[in-house]
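**Student:** Following this message is one structure expressed as structure tokens.
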Amino acid sequence: MTTNDEAIEIKNALKVYKGDTDVYALNDVSLMIKKNEFFTLLGPSGCGKTTLLRLIAGFEHPTSGTILLNKEDISLLPPNKRPVNTVFQNYALFPHMTVGGNIAFGLEMLGWSKSEVASAVDEMLELVKMQDLKNRRPAEISGGQQQRVALARALAPKPQVLLLDEPLSALDLKLRKQMQIELKRLQSETGITFVFVTHDQEEALTMSDRIAVMNEGKILQYGNPRDIYHHPENKFVANFIGDSNFLLADIQNGNAVLTDGTELKLSKENKQVSNGQKSILIRPEHVQMSKAKGSKKAFEGKISNIVYFGTDTHFHLELKTGDDFTIRKQNTPNEGTDFEIGAVVELTIDENAIQILND
Amino acid sequence: MTMNSNLSSSESAKKAAEVERLSQKKDVRNRWLLSLPALAIIFFAAAGPLLIVILYSFLTPGDYTGVIWTFTTETWISVVLERDFFDETLGWADAHLSIFWRSIRLSLITTILTAIFGIPTAYFIATRSPKSRNIWLFLITIPFWSNLLVRTYAIQELIRNKGVINNFLQWIGLTNEPIEMMFTDFAVGFGMTYVYLPLMVLPVYASIEKLDFKLVEGAYDLYASRWQCLRRIIVPLVRPGLIAGSILVFIPCLGAYVTPQILGGGNQLMFGNLIALQFGQGKNWPLGAALSLTLMVIVMIALVYFVKVSSGENKKNG
């Protein structure tokens, strides 16, 4: 934790809103964000991710705990004294100023000279490809264009950290995909640390260097997208990111024994896990299906429903344990309809595909 | 088949256009019909009387009251100029001019004072929770429930020589002699500020309430100080409300009658009192009519100025 490449470090941040019952918006959150990183705070609404962002921006101050920016305590600095800028959810563009005026605002406030401001504004307009719309008002441009202006405005003062509060949520799907790529490009071109808040797991997985999954004012897990997807620590994280099959299992000497007695082999890492009742996670795409051979020990299920998705097909099964189980199978051009509703199939699972959860 | 459908579609388009045109025509007719009552009121209650006032300002005053039907421009000259009693030379009508100037000056001061007191009040109300906002707005409108005369006499009770304020000051020993407040410009300005304050608060409140506070956060985030944020973001966005409030305060102030009459006494006449005087004791109806029209012109100039300020500022920021 004491390397030189950290941009932001949050230590035991607590944010309590006093009321009839105190609300713990942030409950003892500690976090380290590296320089030049695309860091995402992911969680359902009300999980505290926006509060955390506002704490970094300075709109709110922590009830206790510290926020360090480049090892300097900024916990109590007002927003205008922090080299941190925000892209707001609804952009918060100044309606009485032009696009150019909006981008220039922060630079003027920093006391840049007129010529410096003018050249920086042109540079930013070029960066977000909006040169033609410099003299338009925010009300006269589209949502996607407003988004670009908001980005340019926040990037113009060259902040050390750029905070993005669900900036893509107001855009339609196609535009959102386009802006995701655009954001990644801007981040690598400017080399600025991005802290991105979203409730969209796919957005988080595709864009981030690292993700922190939050719920109820706490960070449940943080790491790179692969780790979070393949090795979620608990049910909430597994459920929030991707589709999941949860099964109850009794861990016995390196095997997971299901409630109907079926034994599943565990990987070497998982062999360390102590014996006892645990939840295990199996991702739907990590399971192979074949026709049942009728052996008693086999892991089997009966197909109860088939949903065709184009790129893949989802098979809903009922296991012998009585649990529902989903398998996702990628479609190929040569495949027929091998598996039909009502058929009993045997399931093969790679030992690495089984993840033991902590709760 | 295609031909047919094309034909019929172009025909139906024509038909639709025709229906549209007719309905629009009917619409326009309906609109005129609907606005007829309002137009009638405007004609009989505003335009008609105005014409009579204009007519009267060019007639000769009667001996006791009313007018004699002889055309003259003498009245209009006497609005700003004065004929010397002995040698008939023209000089400035100082009495009138000082009243004009006092009216404009006091109205301006009142407008500025209501803005100074009104903007923070409006800001305070607009930043409360929606529930308590209604209570505050309700409190602001309470003074409207009682008659203007009653309220003005209440102020008199506060500021007269043996009134509440002077009694209190003498009681705590701050002053031996009562401070003369009645029948001064201060009394009139104070009274008008009190009376017209809600007319400033309400429109300013309306525009602050519409203000997106995310914009204020955005400005802070972009390194603006509190003062810069106020000047560059809040004031420009609240300006329409401020201008509406200024119009609502400044214009009735110019023609105020009751407040200067009671609090200013005979010394501190304003426009409204001067006009009333001509129709009453002065027995000079044409002069009263001419003064009324002069007041209207001043109001028009003020309105045009306000409108210019509001649209001009918009352009500047563009």
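Read-outs: derived from the displayed coordinates by stated rules, not from any lab. No experiment lies behind these values; they were computed from the predicted model shown. So basically every Cβ, Gly included, is an ideal-geometry build from the backbone, and we count neighbours across all protein chains shown.
**Student:** Against the longest principal axis of chain B, how steep is helix B:148-159, in degrees 0 to 90 to the nearest 10, with axes from Cα atoms?
**Tutor:** 50
**Student:** Applying a 10 Å radius around every beta-carbon, put A:240-251, A:297-308 in order of their mean neighbour count, most first.
**Tutor:** Put in order of decreasing packing, that is A:240-251, A:297-308.
**Student:** Enter the mean number of other protein chain beta carbons within 10 Å of the beta carbon of each residue in B:210-220, as an integer.
**Tutor:** Whole-number average of other-chain Cβ neighbours for B:210-220 is 6.
**Student:** Quick check: the angle from helix A:114-127's long axis to the longest principal axis of chain A, C-alpha only, nearest 10 degrees?
**Tutor:** 20
**Student:** Moving on to the next point. Among A:Ile349, A:Ile282, which comes first, second and so on when ranked by fewest other beta-carbon atoms within 10 Å?
**Tutor:** Result, fewest neighbours first: A:Ile349, A:Ile282.
**Student:** If you count the DSSP beta bridges with both ends in chain A, what percent of them are antiparallel, to the nearest 5?
**Tutor:** 75
**Student:** Still on this structure, please answer the following. How far is helix B:235-254 tilted, in degrees, relative to the longest principal axis of the Cα atoms in chain B, given as a value from 0 to 90 rounded to the nearest 10?
**Tutor:** 50
**Student:** Still on this structure, please answer the following. Under the definition of partner shielding as Cβ atoms of other protein chains within 10 Å of a residue Cβ, what is the mean value for peptide A:87-97?
**Tutor:** 5
**Student:** Count, for each residue of B:236-246, the Cβ atoms from other chains sitting within 10 Å of its Cβ, then give me the mean as a whole number.
**Tutor:** 1
**Student:** Next question. For a test of understanding, tell me how many lysine pairs in chain B have Cα atoms under 26 Å apart, given they are 8 or more places apart or on different chains.
**Tutor:** The number of close lysine pairs in chain B is 12.
**Student:** Still on this structure, I have one more. Which distance in Å, rounded to a whole number, links the C-alpha centroids of the stretch A:135-214 and the stretch B:63-97?
**Tutor:** Comparing the Cα centres of the stretch A:135-214 and the stretch B:63-97, I get a distance of 74 Å.
**Student:** Can you give the helix-only mean residue ellipticity at 222 nm for chain B, where every DSSP H stretch with n ≥ 4 adds -39500 (n - 2.57) and the sum goes over all residues, rounded to the nearest 500 deg cm²/dmol?
**Tutor:** After summing the helix terms and dividing by the residues of chain B, the value is -24000 deg cm²/dmol.
**Student:** Is chain B rounded, prolate or oblate when judged by the Cα gyration tensor, a ≥ b ≥ c being the square roots of its eigenvalues, rounded requiring a/c under 1.5 and prolate requiring a/b larger than b/c?
**Tutor:** It comes out oblate by the Cα gyration axes.
**Student:** Could you tell me how far the Cα centroid of the stretch A:75-119 sits from the Cα centroid of the stretch A:12-48, in Å?
**Tutor:** 26
**Student:** Which pairs, out of A:Lys291/A:Lys320; A:Lys15/A:Lys71; A:Lys35/A:Lys71; A:Lys271/A:Lys320, put more than 18 Å between their alpha-carbon atoms?
**Tutor:** Check vs 18 Å cut-off fails for A:Lys15/A:Lys71; A:Lys271/A:Lys320.
**Student:** Could you give the Stokes-Einstein D for the stretch A:227-357 in µm² per second, using the C-alpha Kirkwood radius, 20 °C, 1.002 mPa s?
**Tutor:** My calculation gives 140 µm²/s for D.
**Student:** Please give the Cα centre distance for the stretch A:259-325 versus the stretch B:227-303, rounded to the nearest Å.
**Tutor:** After rounding, the separation between the Cα centres reads 85 Å.
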